[in-house]
Amino acid sequence: MFVLELTYTVPLDRIDACLPDHVGWLNRHYADGTFLASGRKVPRDGGIILAAGEDRAAIEAVVRTDPFSVEGLATYRVTEFLATVVAPVLESHRQKLPD
């Protein structure tokens, strides 16, 4: 599992202008099962995405396709973690510790 932390690098008016494209990108990755939750940080200086995936390289490739990344509007910090304890709704995403 991955926590994707976006940090805006431009004023919010530029973020807002690109927001429809970013939301479309989010929706595509919700539809394909990669994204589980997302939203704005408070204060609004970026966002957080919870993503599922076994391969860090694949998640990083997805991040590079975000219109915010493509347009140079935000940077990403990708943190991988093992989701060994999950809510019932996320049971299919439970991970095991390596042997």
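Restricting to Cα pairs below 8 Å that are 6+ residues apart, what does the relative contact order work out to for the chain? Please round to a whole percent.
Relative contact order here is 39 percent.
Only sites in a loop by DSSP and with at most 16 other Cβ atoms within 10 Å count here; which GluC sites (Glu not before Pro) in segment 37-99 make the cut?
Listed in order of number, the matching sites are 54, 71.
What distance in nm lies between label points placed 7 Å from Cα along the C-beta direction at residue 13 and residue 42?
Calculated label separation equals 2.7 nm.
What would the Debye formula give as log10 I(q)/I(0) at q = 0.10, 0.16, 0.24 Å⁻¹ for the alpha-carbon point model of segment 17-99, no solvent?
These q points yield log10 I(q)/I(0) values of -0.27, -0.68, -1.35.
Hand me the trypsin sites (Lys or Arg not before Pro) from segment 36-99 located in a DSSP loop with no more than 13 other Cβ atoms within 10 Å, in residue order please. Don't jump to the answer; show the numbers that get you there.
On the way: sites: 40, 41, 44, 56, 64, 77, 94, 96; in loops: 41, 44, 94, 96.
Sparse-neighbourhood loop trypsin sites (Lys or Arg not before Pro): 41, 44, 94, 96.
The numbers here are math on the coordinates, done by the rules we state, and not lab data. Please read these numbers as outputs of a predicted model, since none were measured by experiment. Counting neighbours? That spans all protein chains shown, and the Cβs are built from the backbone with ideal geometry, glycine included.
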